[in-house]
Protein chains: 2
Amino acid sequence: MTKNITTLQILICCIFLCLNTMAQEHPSLILTKKGVQKIRAELGNVPLFDATLQQLKEEIDAEINLGIDTPVPKDYSGGYTHERHKRNMVVMQQAGVLYQILEDEKYAEYVKDMLMQYEAMYKTLPLHPKTRSYARGKLFWQCLNDSNWLVYVSQAYDCIYDYLDKAERKKLEKNLFRPFADHISVDSPQFYQRVHNHSTWGNAAVGMIGLVMNDQELIDRALYGIKGVNLDKTAKDDDGGFLNKDGKAGFLANIEEPFSPDGYYNEGPYYQRYAMYPFLIFAEGLHNVKPELKIFEYKDGVLLKSIDALLNLSDADGDFFPLNDGQKGMSFYNNALVTAVDISYYFGNQDPGLLSIAAKQNKVLLDDSGLAVALGVKNGKALPFEKKSINLSDGPNGKQGGVGILRSEGLELVFKYASQGSSHGHYDKLSYSFYENGDEVLQDYGLARFVNIEQKGGGNYLKENKTWAKQTIAHNTVVLNEQSHYQGKYDIGSKYHPSLYVFDSAKENIQIVSAKETNAYPGTEMHRTMAIIKQDGFEKPFMLDILKISSDSTNQYDLPFYFMGQVVSTNIDYEAPKTLEALGNGYGYQHLWLEGSGTTEDENTKFSWLENGRFYTLTSATNNNDEFKFVRIGANDPEFNLRREAGLILRRKDTQNTLFVSTVESHGSYSPVSELALNSNSNIKELKVIFDSAAYTAIEIKDVKDGTSIFILANTNASKDANHKLKINDKDYEWSGSYYFNKQ
Amino acid sequence: MTKNITTLQILICCIFLCLNTMAQEHPSLILTKKGVQKIRAELGNVPLFDATLQQLKEEIDAEINLGIDTPVPKDYSGGYTHERHKRNMVVMQQAGVLYQILEDEKYAEYVKDMLMQYEAMYKTLPLHPKTRSYARGKLFWQCLNDSNWLVYVSQAYDCIYDYLDKAERKKLEKNLFRPFADHISVDSPQFYQRVHNHSTWGNAAVGMIGLVMNDQELIDRALYGIKGVNLDKTAKDDDGGFLNKDGKAGFLANIEEPFSPDGYYNEGPYYQRYAMYPFLIFAEGLHNVKPELKIFEYKDGVLLKSIDALLNLSDADGDFFPLNDGQKGMSFYNNALVTAVDISYYFGNQDPGLLSIAAKQNKVLLDDSGLAVALGVKNGKALPFEKKSINLSDGPNGKQGGVGILRSEGLELVFKYASQGSSHGHYDKLSYSFYENGDEVLQDYGLARFVNIEQKGGGNYLKENKTWAKQTIAHNTVVLNEQSHYQGKYDIGSKYHPSLYVFDSAKENIQIVSAKETNAYPGTEMHRTMAIIKQDGFEKPFMLDILKISSDSTNQYDLPFYFMGQVVSTNIDYEAPKTLEALGNGYGYQHLWLEGSGTTEDENTKFSWLENGRFYTLTSATNNNDEFKFVRIGANDPEFNLRREAGLILRRKDTQNTLFVSTVESHGSYSPVSELALNSNSNIKELKVIFDSAAYTAIEIKDVKDGTSIFILANTNASKDANHKLKINDKDYEWSGSYYFNKQ
């Protein structure tokens, strides 16, 4: 064994020596010499590429005319010096690309001049004067932004490498790039030496400049972390996340850890989109310069899989579902997704569905991958990108819960049973959001932040993000005793996750996802099953929601429905108070105004609302003791940081084991132009629990024409092969698999 | 003289005799024999016409397959019998058109069969069982809907007139049409004998069936009202409007009274759109059958002018400004506007701008006018419909105030100084709303009603329409002592109106509208001047608002700003209460939650918000005693009938004469996709009143780069020719005309 290893080691050394002694071509990182030749040959014949190039040229020419400014760093995000350096990094990268493609030296000269200004400033530059960050940068207030800069500027340097003479290169590498890379890595291990999206940027920055400089030490530091550095495993960052609990670090660990085998990124799509760029651009660089690493095959090709997962985590308009801390409106139109789509197409299987997204983005990367995409679109190869129902496991090995998305006829149910999601996670186990045609029907609030709007807390997380957005009551899931899941504590939340019970999207008439959570409240098991059912006599599919709770204690259960739109009708007999008070004192309850309280005598509680010209009806199998609270977000929010949106909370007090069963129908339409209200009433006459035991739960759904269907869930055995037999009201039901569904 | 008149009378009699004795062709009402021939000849060659026809054919074929149902009347709007009869009237009219164009007898037969079913039912039909209306119909709960029915069915009858034999026609006319026309007129004078949009429908219904039946008595009744009937002049209708204060009636009076010479309809665009169809379709019928009446030239061609006015009363998306009782979202996509646009094009001057609207509507009338429009579009004649700044006088003679719209670079300021606007008017003298690119920046609430949504008060006006939407505080205008203009009383409001002081939209750098109101609060004059100013150094034009109040008493003044969007920043030092209470007890104040109260020490109050990716800043020249109230609509609204939208109220207490001066800027942008916040700060450094007397008010506006402009208004002499001279801070200003504006 020893001998074998030694031989292998020698071999590896030889390969590296060979590679190092070979004169490295430039550009080689993102653009390649061969690729650039091909691009030049195609210029003028590829509309999408040409248009992107033309737009870029105009933009950069305008910037060049403005002159170069590299101000002494001073501001937080939103301030001038911050925004200027941020703009400079992009402009340099783009000017570099223009130099390569258009062979016009004015672009190279511009990049060179700006780099020299940075070199002159950087060699004596102290830490950034703003002190809020746990890892201060030099150009920016945090190392994260310094890393962004280097990721872009590495590409610019690669593009003008051959334009510079040796002395110029040496000057830049010695006074700017190498110390810059060191500052964000060896000098800032609390930032760099982690598994975190920040660190991914750091790794990519160090690795990319390493690739251009052909500096193996930097490349290794990028791939595997700083040699010999181990952080305090209990230390935390600004967001309350552990700095480095497991001691893992480096780019490969950053691929390994946050991505599940299905390509789900543990912080959710909003942060995946942010993290995506360094993952993919560094991977592209590695692929070009170090093809032997086969980076796109790493962990079963997870990088490319993750792009597919990310696209599937968007609604019909391409907006990402705002799981965890996600800003609404972020979408596949973001530039990071242009990178992702083009790279996925070129380095993946040339999926024609990606071309239709690229066409919508109306922009491509100005490199080999972008050219391939633009050619594909030009040649009419694009097909619609069809988002289907999908289950995405969470966790490095896919064993830490996940996200299940059920899609049917424009309806999208996003069921979250994922793990904590790092420091950006919310305490919302078994929560869901519900969409129709890209509009929110039952919303997930998202984050409480106005990203980059300086007037709102410097554009950073607002305190309401913690006091409201992360709390359980801010989500469509159950809250016990007005306390968040895991007590709202990150340490506890990070230890646990729900587990999948069933996911089945194969059938035409019913799609189902079901998961269990036993640690959010010790001693209590929550088992939630959600289905989208297509049934004759209904205009559209409807959602069925069964939440079964078994507890060793007596509790108060709150189940909110954050409906979007205006109240149309209800059979809840409620009182609206003359003055509004907050619903509670903590865990987010302090942010809810109580707008109405009531009960219902009927066996089914009905609640209808109208949004975007469609009617929706919630039908709940409830009892006389159930209370309903009409709430509105915005109490204890003196800065008006929260949106004044509504919710309806079903409250059940003094209860041990219990069952919440509801349906949500989308029906009919209303147009303010025609003023026609069509099919504005629910089609469900009765929703009834006809059987409930530890082993089985059975629901009967009767429509207004007395069409009846039965859904039965085997609560404890999800095996596909298990055979079940159950008598309900003298009728025998027999089936195999975890559930039964049939129209009677 | 006597002899002359007699001769003229004889001549008229002769003409009528001649016309009456000529065998009348059919169709002749909307379709004409000659027109139909032309249509048939062009079929298949006019895309817009062909597409409309094809769609209609599919729709009507589907209806025919469903069979005929003429249920015994039973329901209010939204209920089955109501909706069925409403659908039947449209289907018959359309089937008639299809019969004429396609010459397929199945359509004629369908209309005939349905008419015969109606005939069989109608002859013994009692009043509709629902009793809510002041004028009950037979097929419907109100005569208004019966009239709608007859307007459509007259057209159907005209189309199949020649298909029926004489006996069939006699049967229908005797048992159905004539008694139907009598019921909505002579039997329901409180409905018919008025100047009101309801009556217009009644007049058109009676007149159109009269034209088809060639029944001069009905035609006269339509044009001039019921002979010899005079209503109680003090009686009121369901909405609180006078039934018939002036004793005027008939179609011509209904043109005369509500339309100003500029074509403004006194109830506002929402009701104009509703009233439009009977005005135009009956006019088209009169034009075809009684060309000698020259109906389109009546009152200086006001019917066609009114279409232009109506189109100008829509925002950039084509949505009508919700003046008075207007439901938001109603737009030029409504079918009534297809009629209006096509008729205006054909019977007017073939304005190519109308063709671009027709192209957006993607639909034309299936008659001569629609064919002309479709041909125009086909032949590439369409040009953009350019909405410009416009002043529309109100009142039969244009002497009762008006509406001024200032437009500049996507911004639209709608300044309302109109008269009460009949029973659908709001108490909002000198109020305004402000739009950008079709989005509301500072909103007018519109009505409190969900039209035709049965669950919300039967689809009718909700009580909050009266307690909130009509009240002054619901609008962007000043409220004295928490009491609405004219005490919120219709009788008082109907007596008065503001008067125009200046309207000038001719200059490039400033457009201005100014009006005075002296009766809203006796003893108090309110003079409001609003301008849109384009100035170097500003990204976009901004709005200037000067409200000067002279009063013989000491008052509390409330000036609300109903901003749309999320609070970004303010220099108001305010407290947000722990519990929310209503701001007041009546006049709409009971519907406002008080979300925050404060003052500012600065000379200018600043308030910024964000909506639709744009920043807005209100700058107000205020003083230390001014109070600010953050409010939210929705208090005392147990049914959730009101939208929970925000406002900021500037309150000035214990004051006699006073001046409110504000600017509103639109600036910058924010995209949740790029997460870039551009130009998010106000460009105004200082807004200052530098002079104020009874005669003059002067304002200085200084931008952040100290660029300064001066606006001076002559408060009492609006003559264009008057010369003014004024010394302010040792500087002499000289100008002619009502105002001075210059950059210093």
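The values are calculated or read from the model by the stated rules, or taken from the named source; none is laboratory data. Computed from a predicted model, the values in this text were never measured in an experiment. Neighbour counts run over all protein chains shown; Cβ positions are idealised from the backbone, glycine included.
The table below gives the values:
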| read-out | value |
| --- | --- |
| Residue match in the stretch B:499-510 (condition: under 25 Å from B:A718 (Cβ atoms), free of Cβ contacts under 8 Å to residues at least 12 places away in the same chain and of a type in the set (G, A, S)) | yes |
| Any hit, the stretch B:552-566, residues being within 12 Å of chain A (Cβ to nearest Cβ), buried (at least 18 other Cβ atoms within 10 Å of the Cβ) and over 15 Å from B:Q443 (Cβ atoms) | no |
| Residue selected from the stretch B:282-315 under the condition part of a loop (DSSP other than H, G, I, E, B) and touching a strand residue (DSSP E or B) at 6+ places or on another chain (Cβ under 8 Å), by the criterion nearest to the other protein chains (Cβ to nearest Cβ) | B:D315 |
| Residue match in the stretch B:513-520 (condition: assigned by TED's automatic domain parsing to the domain that holds B:V664, in a strand (DSSP E or B) and in contact with a Gly (Cβ under 8 Å, 6 or more places away or on another chain)) | yes |
| Residues that are part of a strand (DSSP E or B) and either within 13 Å of chain B (Cβ to nearest Cβ) or at positive phi (or both), drawn from the stretch A:637-659 | A:A646, A:G647, A:L648, A:D654 |
| Residue in the stretch A:100-143 that is farthest from A:T70 (Cα to Cα), counting only those that are in a loop (DSSP other than H, G, I, E, B) and aliphatic (A, V, I, L, M) | A:A135 |
| Residue in the stretch B:267-274 that is assigned to a loop (DSSP other than H, G, I, E, B) and in the same structural domain as B:D367 (by TED's automatic domain parsing) present | yes |
| Residue match in the stretch B:268-286 (condition: surrounded by fewer than 20 Cβ atoms within 10 Å (Cβ to Cβ) and farther than 22 Å from B:S423 by Cβ) | no |
| Residues of the stretch B:567-583 satisfying the condition of being more than 7 Å from chain A (Cβ to nearest Cβ), outside any strand (DSSP E or B) and surrounded by fewer than 18 Cβ atoms within 10 Å (Cβ to Cβ) | B:N571, B:P577, B:K578 |
| Options B:G263, B:G318, B:G228; residue that is within 14 Å of chain A (Cβ to nearest Cβ) and on the phi > 0 side of the Ramachandran plot | B:G318 |
| Check on B:G588, surrounded by 20 or more Cβ atoms within 10 Å (Cβ to Cβ), facing another protein chain (nearest Cβ under 9 Å) and either under 26 Å from B:V661 (Cβ atoms) or among the charged types (D, E, K, R) (or both) | no |
| Members of the stretch A:385-417 found to be farther than 11 Å from A:P261 by Cβ and touching a helix residue (DSSP H, G or I) at 6+ places or on another chain (Cβ under 6 Å), listed by number | A:F385, A:K387, A:I390 |
| Subset of the stretch B:310-328 that is surrounded by fewer than 22 Cβ atoms within 10 Å (Cβ to Cβ) and among the small types (G, A, S) - its residue that is farthest from B:N266 (Cα to Cα) | B:A316 |
| Among residues of the stretch B:53-91, those that are touching a Gly at 6+ places or on another chain (Cβ under 6 Å) and among the aromatic types (F, W, Y), counted | 1 |
| Search result, residues across the stretch A:379-396 that are at negative phi and buried (at least 17 other Cβ atoms within 10 Å of the Cβ) | A:A382, A:F385, A:K387, A:S389, A:I390, A:N391, A:L392, A:S393, A:D394, A:P396 |
| When residues of the stretch A:486-505 are limited to those that are outside any strand (DSSP E or B) and touching a strand residue (DSSP E or B) at 6+ places or on another chain (Cβ under 6 Å), the one nearest to A:K466 (Cα to Cα) | A:H497 |
| Residue under evaluation A:Y435, criteria (1) in a loop (DSSP other than H, G, I, E, B); (2) crowded, with 19+ Cβ neighbours inside 10 Å, criterion not met | (1) |
| Subset of the stretch B:245-263 [over 13 Å from B:L303 (Cβ atoms) and aliphatic (A, V, I, L, M)] | B:A249, B:A253 |
| Check on B:D536, over 24 Å from the mean Cα position of the chain (by Cα), at pLDDT below 95 and more than 30 Å from A:A635 (Cα to Cα) | yes |
| Search result, residues across the stretch B:131-158 that are of a type in the set (V, I, T) and in contact (Cβ under 8 Å) with a residue 40 or more places away in the chain | B:V151, B:V153 |
| Flag if B:T605 is under 35 Å from the mean Cα position of the chain (by Cα) and either in the same structural domain as B:G459 (by TED's automatic domain parsing) or surrounded by fewer than 22 Cβ atoms within 10 Å (Cβ to Cβ) (or both) | yes |
| Only one of A:S666, A:S662 that is more than 14 Å from chain B (Cβ to nearest Cβ), surrounded by 19 or more Cβ atoms within 10 Å (Cβ to Cβ) and over 30 Å from B:D325 (Cα atoms) | A:S662 |
| Among (1) within 14 Å of chain A (Cβ to nearest Cβ); (2) in contact (Cβ under 8 Å) with a residue 24 or more places away in the chain - the single one B:S331 does not satisfy | (2) |
| Where a residue in the stretch B:670-693 is at the interface with chain A (Cβ under 7 Å from one of its Cβ atoms) and its partner, wherever it lies, is crowded, with 17+ Cβ neighbours inside 10 Å and among the β-branched types (V, I, T), with Cβ under 7 Å and at least six apart | B:Y670/A:I453; B:E675/A:V451; B:A677/A:I453; B:S680/A:I453 |
| Residue within the stretch A:406-416 that is part of a strand (DSSP E or B), buried (at least 24 other Cβ atoms within 10 Å of the Cβ) and among the basic types (K, R) present | yes |
| Checking A:I453 against (1) on the phi > 0 side of the Ramachandran plot; (2) assigned to a loop (DSSP other than H, G, I, E, B), the condition it does not meet | (1) |
| Residue list for the stretch A:591-636, restricted to those being of a type in the set (S, T, N, Q) and either within 10 Å of another protein chain (Cβ to nearest Cβ) or without any contact (Cβ under 8 Å) to a residue 60 or more places away in the chain (or both) | A:S597, A:T599, A:T600, A:T605, A:S608, A:T622, A:N623, A:N624, A:N625, A:N636 |
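Rundown of residues vs (1) modelled with pLDDT of 80 or more; (2) touching a Cys at 6+ places or on another chain (Cβ under 6 Å); (3) outside the structural domain of B:T467 (by TED's automatic domain parsing); (4) in a loop (DSSP other than H, G, I, E, B), yes/no style:
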{"residue": "B:L211", "(1), (2), (3), (4)": "yes, no, yes, no"}
{"residue": "B:I219", "(1), (2), (3), (4)": "yes, no, yes, no"}
{"residue": "B:A222", "(1), (2), (3), (4)": "yes, no, yes, no"}
{"residue": "B:K227", "(1), (2), (3), (4)": "yes, no, yes, yes"}
{"residue": "B:L231", "(1), (2), (3), (4)": "no, no, yes, yes"}
{"residue": "B:D239", "(1), (2), (3), (4)": "no, no, yes, yes"}
{"residue": "B:K245", "(1), (2), (3), (4)": "no, no, yes, yes"}
{"residue": "B:A249", "(1), (2), (3), (4)": "yes, no, yes, yes"}
